[in-house]
There are 2 protein chains.
Amino acid sequence: MKLYGGIETGGTKCVCMIAGGPDEVIAESRFSTTTPEETLLKAITFFREQKKIHNLSGLGIGTFGPVDLDPDSATFGYITTTPKPGWANVNLAKRIENELQMPTVIDTDVNAAAMGEYLWGNAGGISPFVYFTIGTGIGMGGLFNGSLMHGLIHPEAGHMILKRDPITDPYAGFCAYHGDCFEGLASGPAIRARWGQSSHTMPDQHPAWKLEANYIAQAMVNTIVLLSPRKIILGGGVMQREHLFPMIQREVVSMLNGYVKSPQILNQIEDFIVPAKLGGRAGVLGSIALAVQAFN
Amino acid sequence: MKLYGGIETGGTKCVCMIAGGPDEVIAESRFSTTTPEETLLKAITFFREQKKIHNLSGLGIGTFGPVDLDPDSATFGYITTTPKPGWANVNLAKRIENELQMPTVIDTDVNAAAMGEYLWGNAGGISPFVYFTIGTGIGMGGLFNGSLMHGLIHPEAGHMILKRDPITDPYAGFCAYHGDCFEGLASGPAIRARWGQSSHTMPDQHPAWKLEANYIAQAMVNTIVLLSPRKIILGGGVMQREHLFPMIQREVVSMLNGYVKSPQILNQIEDFIVPAKLGGRAGVLGSIALAVQAFN
């Protein structure tokens with residue numbers, strides 16, 4: 001069995017893993033994301049130790065962003081602009097690659113999670129497909145023609161413009177850039193700010209969920225008409241509230257109103273908009289998946 | 001020089017062409033789109049005559065939709081559901097291929113136009129890129145990793161959900177399916193219904209344009225955050241009003257508000273959102289381009 005290293009550099013925690021796949025996890029280490037120096041040192045130390053024991057075929061990095069993914073750029077693999085103190089303009093990929101002398105691949109945490117679901121999860125090798133994480137922030141990754149979505153930069157679909165009725169929802173949104181974009185309206189912090197309660201503890205009957213399902217459904221409709229994905233996977237903390245799935249599925253069908261004549265939408269919406277399979281390990285297993293895809 | 005056939009089957013007119021590219025047009029025929037029988041007979045007759053004179057390497061069809069583009073489907077190449085009388089469930093691709101005994105490729109008119117701009121126009125071989133036509137309807141086509149965008153069906157981005165302020169714009173939109181979606185708010189018929197004037201004759205100073213630029217800019221922002229295209233081309237009848245381009249470009253930069261840190265957006269937006277080069281011949285030259293891409 002080939003083994004790979006994976007790092008998920010998240011906004012609050014960092015997870016390192018040695019694995020061949022989701023059922024072949026050899027070692028794991030979790031620690032808080034602090035300064036870049038301290039955090040990278042911990043990660044590099046972990047992999048140096050593991051390299052003494054295992055033959056590793058490559059390393060995948062799934063990181064919070066925005067990250068420079070242009071291979072021709074002088075700052076390829078750098079975190080670019082982030083409000084996270086100390087992390088702007090940090091050389092992530094080349095630094096790790098040089099320190100460990102291992103072939104390294106980097107992508108956004110959501111593209112990594114998408115690759116994990118593509119290889120081992122609920123996307124099952126289908127593309128185009130997209131993965132949304134709806135939690136502290138909202139992010140999107142995905143594959144098109146079997147390759148991860150890269151372009152001018154990478155998807156940032158948490159910042160999609162949606163329709164808000166100020167009478168039904170006077171909350172103006174919390175996004176520092178856009179106010180009431182998708183993330184500003186429907187992320188975990190938006191739910192907490194609007195209702196004074198956490199999305200984790202709010203009862204299923206709370207009116208918050210109808211509004212939440214409406215915003216997520218709007219975003220799914222826009223994703224469907226722009227990208228025509230064959231599958232949409234929804235993960236992240238907010239989506240742990242499973243009662244949201246049928247609410248979102250019904251709203252999407254209702255909003256599309258028969259326009260997209262596809263059996264997957266008209267008759268099998270419950271197989272079209274689905275939860276993530278890899279769950280809480282999506283990020284780090286996704287990083288392993290990046291390495292598998294790149295170096296297998 | 002290799003020669004190809006191209007057919008643009010539009011909602012009101014049909015254009016047939018023999019060409020090797022935009023500067024090598026050998027023959028052209030235009031006629032009204034009437035019944036499928038009459039229209040297809042005219043097209044087939046044109047190509048039969050041309051085949052006697054020229055050696056044709058293949059035929060491209062760019063059609064109004066929705067169209068079944070799933071190669072595994074029993075109704076591949078059929079127009080599926082269209083409000084256009086007589087055209088629902090019409091076998092387009094296989095019928096033409098069988099009658100003419102020529103290799104045939106079919107796609108949406110907007111994907112065809114996108115391929116034309118990709119090979120010969122303002123996309124210049126860049127992908128991902130998208131092409132929007134904003135006219136009688138609003139459609140989108142595009143390429144990702146060098147291939148046309150296909151998925152569950154194909155993009156139908158005219159039906160994107162946008163934000164409308166009912167105080168600034170009380171017009172509820174004309175889309176039969178969605179009311180105030182992008183097409184319902186910003187297509188030519190929407191402009192005419194809202195203001196009682198045609199977009200072709202309305203003066204540059206008319207307040208209609210500020211609203212129009214706002215809706216188009218919203219759609220561009222959503223396209224940017226979902227797809228991260230390297231280029232956006234805007235064509236169609238409404239976009240013949242060239243004063244719209246700087247208005248849209250400014251609005252996009254303002255709405256993104258510095259979030260997408262790309263020089264193409266921050267400093268070169270006039271090279272990022274651009275007009276179509278092939279103009280009025282985009283559809284039929286796009287159909288030629290489909291054939292070039294498939295059979296060269």
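The values are calculated or read from the model by the stated rules, or taken from the named source; none is laboratory data. Not measured: the values here are computed from a predicted model. All Cβ positions, even for glycine, are placed from backbone atoms using ideal geometry, and neighbour counts span all protein chains on display. Accessible surface areas use protein heavy atoms only, side chains included; no ligands, DNA or RNA. Shrake-Rupley method; radii C 1.70, N 1.55, O 1.52, S 1.80 Å.
Quick look at the values:
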quantity	calculated
Shape box of the stretch A:201-293 [Cα atoms, principal axes, largest first, Å]	41, 35, 20
Residues whose placed amide H lies under 5 Å from that of B:T108, excluding near-sequence neighbours	B:T63
Distant-in-sequence amide H partners of A:F144 (H built 1.01 Å from N, under 5 Å)	A:M149
Whole-number accessible area per residue in Å² for the protein assembly as shown, which is evaluated in the context of all protein chains at 1.4 Å	38
At 1.002 mPa s and 20 °C, Stokes D of the protein assembly as shown from Kirkwood alpha-carbon radius, µm² per second	86
DSSP-assigned coil residues among trypsin sites (Lys or Arg not before Pro) in the stretch A:1-30, each with at most 15 further Cβ atoms within 10 Å	A:K2
Inter-centroid distance (Cα atoms) of the stretch A:241-296 relative to the stretch A:1-68, Å	26
Mean residue ellipticity (222 nm) of chain A, computed from DSSP H runs ≥ 4 via -39,500 (n - 2.57), nearest 500	-10500 deg cm²/dmol
Three semi-axes of the equivalent ellipsoid, chain B, Cα gyration tensor, whole Å, largest first	33, 21, 17
Sequence of A:E242, B:E38 when ordered by accessible area, the most exposed leading, probe 1.4 angstrom	A:E242, B:E38
Convex hull per residue volume in Å³, alpha carbons only, for the stretch B:122-276	108
Cα-based helix-to-principal-axis angle, B:109-120 vs chain B, degrees rounded to 10	90
Label 7 Å beyond Cα on the Cβ vector: B:R250 copy-to-copy distances, nm	4.6
Amide proton proximity set for B:T82, modelled H, under 5 Å, gap of 5+	B:A88, B:N89
Using a 7 Å Cα-to-Cβ projection, B:T45 label spacings across copies, nm, ascending	8.4
Bins of 10 Å, starting at 0 and running to the largest distance - Cα pair percent for the stretch B:101-195	16, 38, 27, 16, 2, 0
Computed over chain A: relative contact order in percent, which uses C-alpha pairs under 8 Å that are six or more apart	22
The stretch A:131-164-the stretch A:71-116 distance, computed between alpha-carbon centres (Å)	18
Links that overshoot a 28 Å alpha carbon limit, given the list B:K94/B:K231; A:K163/B:K231; A:K51/A:K231; A:K163/B:K210; A:K277/B:K261	B:K94/B:K231; A:K51/A:K231; A:K277/B:K261
